[in-house]
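The values are calculated or read from the model by the stated rules, or taken from the named source; none is laboratory data. All of these numbers come straight from a predicted model, not from anything done at the bench. Don't worry about glycine lacking a Cβ; one is built from the backbone with ideal geometry, like all the others, and counts go over all protein chains shown. To get the accessible areas, we keep the full protein, side chains included, count just its heavy atoms, and leave off ligands, DNA and RNA. Shrake-Rupley method; radii C 1.70, N 1.55, O 1.52, S 1.80 Å.
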Number of protein chains: 2
Amino acid sequence: MTDASAGMRYSHAMPATEELIHQTLAKTLLAGRLAPGTQLVETRLAEIFGVTRERVRKVLHRLGHERLLDVVPNRGAFVASPTLDQAREIYEARRIVEGGIVGRLAGRLSAAQIAALRAHSAREKQALRQGDRAVSIRLSGEFHSLLAECAASPLVLRQLQELVSRTSMLVAFFEPAASSECACEEHEAILGALAQGDTGRAIKSMHTHLSLIETRLTPRAATPLPLAAPEEELKRAWAAAQRGQRSAGKATPRKAAKR
Amino acid sequence: MTDASAGMRYSHAMPATEELIHQTLAKTLLAGRLAPGTQLVETRLAEIFGVTRERVRKVLHRLGHERLLDVVPNRGAFVASPTLDQAREIYEARRIVEGGIVGRLAGRLSAAQIAALRAHSAREKQALRQGDRAVSIRLSGEFHSLLAECAASPLVLRQLQELVSRTSMLVAFFEPAASSECACEEHEAILGALAQGDTGRAIKSMHTHLSLIETRLTPRAATPLPLAAPEEELKRAWAAAQRGQRSAGKATPRKAAKR
DNA sequence: TGATCGCATATTGTGCACAATATGCCCTGA
DNA sequence: TCAGGGCATATTGTGCACAATATGCGATCA
């Protein structure tokens, strides 16, 4: 998810089962479906995913490196407990990076790009007017990704996507579950400044926009989601991931070919 | 080096030998002392560093994740061969990120911070006037790090340091070995705009500054450094690292004042 | 002579068994 | 009843042996 495609070179045909496990776990974590603090035991995950412990181990350490898990040397891997301080850090980083993006984009966007962004913004407004909250939230997030893509910098895009991922994990815990979408007027303000090439105003708009989102986070500590047994949650996610995977010739031939 | 301190939680006393190996390899790679394309064989490194192959293996994969090595699944780890395209990507990313930093900093710097930056700039100018090239290069790079630290965002700081690291690897290969330091007038221009709170001008200064550095890279492919036997080079680096480790009782003196 | 196939070898990948470590429980003593 | 220490156990860390894979070289044939 974070760097599945941009990271290692698994471009050619490979048993991507390890990659699939990583995606599954990352997606589950990012959706906030696991209670913070719960330990992910290697052997347990190994039998859930039907692989050896070493495989799980590598994935766990990688997720720790990506800050989605807290991995403590001789203790294990735990679901990260996001704090409001961390949230502030993430939003500050987004202000800087996304401010840099619009600062680079101001006055350099092609007419086609501006049109595409305007069209996206219009879709946002329509979804909002129709009260379609799920679509509205998705489109609001995509606006920022779209902006990052316009910058055409793979390195910055990767970094921003990691920040956005962690943002989504945050809102899963702190958001009051009401009005979590961006106000699309703010997006339009950014767009207007960009089209005019007004660098200063574009950046200021982006800064205040992100700050407004940040203030919506509430410091409640209790986890708002059901959070049943982590085992069941992971089993379900794994089954879905495998189902979504196209038939790659072999479904689950984990220990078939042996001596 | 890239995320040695900010990454895993090895805060308490640990046999940091694995971490030390990572630092040693990273530093050697970053300095460009290894010819691009040379393979780093696990068993060979294992006996050089006096550890088991698995240790080396982990470090190698980590360096691959950090893009300092090209690690190909069933082939091995190779010293990355930087291309001019990659160089362009890195400098574009730095324009965006560092543009974001100055955009965030403009008009928000304290008098003390401005004074510190001005003092640093003065040191740069003095070193340049005295013809002290080594010091001059180091100070020029530190100016950018200093700016990033003023932004007080650990996430952005980490990202930028990775970019700066890769930049230093690039110049080791492409730089014509003459006048590789930043022109300190450009730094002063950025500083002036920052002090005045002129966001647009600060960003523009930063953009042109980085672009100017980028144009100094020459597309020669031959490696300019001696590049003796990689074995000897690594043995030397390892011995130096172990020697330096002896006296380092606590933390490295690289960290400055935090918040 | 040149191209191709097959084998030998060097290198990476992985499962397994065991070691190291932390945690929680129970037992003891006042 | 509670504090403290030691043992049992659950979990992670690591070395090793073997399997899988790619590469290079040489033999063979047209």
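Quick check on this structure: which one of A:ARG62, A:ARG104 is in the same structural domain as A:LEU157 (by TED's automatic domain parsing) and in contact (Cβ under 8 Å) with a residue 40 or more places away in the chain? Before you say what the answer is, go through the steps one by one.
Working: A:ARG62 fails: in the same structural domain as A:LEU157 (by TED's automatic domain parsing).
The match here is A:ARG104.
Confirm whether A:ILE96 is open to solvent by less than 30 Å² (accessible area, probe 1.4 Å), in contact (Cβ under 8 Å) with a residue 24 or more places away in the chain and more than 16 Å from DNA strand C (Cβ to nearest atom).
Values: open to solvent by less than 30 Å² (accessible area, probe 1.4 Å): yes; in contact (Cβ under 8 Å) with a residue 24 or more places away in the chain: no; more than 16 Å from DNA strand C (Cβ to nearest atom): yes.
No.
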Exercise. Restricting the search to the stretch B:99-119, which residues are surrounded by fewer than 22 Cβ atoms within 10 Å (Cβ to Cβ), away from every other protein chain (no Cβ under 14 Å) and either of a type in the set (D, E, K, R) or assigned to a helix (DSSP H, G or I) (or both)?
Worked result: B:ALA111, B:ALA112, B:GLN113, B:ILE114, B:ALA115, B:ALA116, B:ARG118, B:ALA119
Problem set entry | Given (1) free of Cβ contacts under 8 Å to residues at least 24 places away in the same chain; (2) touching a Phe, Trp or Tyr at 6+ places or on another chain (Cβ under 7 Å); (3) away from chain A (no Cβ under 12 Å), index of the condition B:THR52 fails | (2)
Problem set entry | Residue count, the stretch B:25-52 (criterion: in a helix (DSSP H, G or I) and either open to solvent by 40 Å² or more (accessible area, probe 1.4 Å) or within 11 Å of DNA strand C (Cβ to nearest atom) (or both)) | 7
Exercise. Out of all the residues in the stretch A:234-249, is one or more within 16 Å of DNA strand D (Cβ to nearest atom) and either at pLDDT below 70 or more than 24 Å from the chain's Cα centre (by Cα) (or both)?
Worked result: yes
Seminar exercise, completed: Note on the stretch B:57-74: residues more than 19 Å from B:GLU19 (Cα to Cα) and either assigned to a loop (DSSP other than H, G, I, E, B) or more than 10 Å from DNA strand C (Cβ to nearest atom) (or both) are B:ASP70, B:PRO73, B:ASN74
For this session: Could you look through the stretch B:75-85, keep only residues that are assigned to a strand (DSSP E or B) and surrounded by 19 or more Cβ atoms within 10 Å (Cβ to Cβ), and pick out the one that is nearest to DNA strand D (Cβ to nearest atom)?
Result: B:ALA77
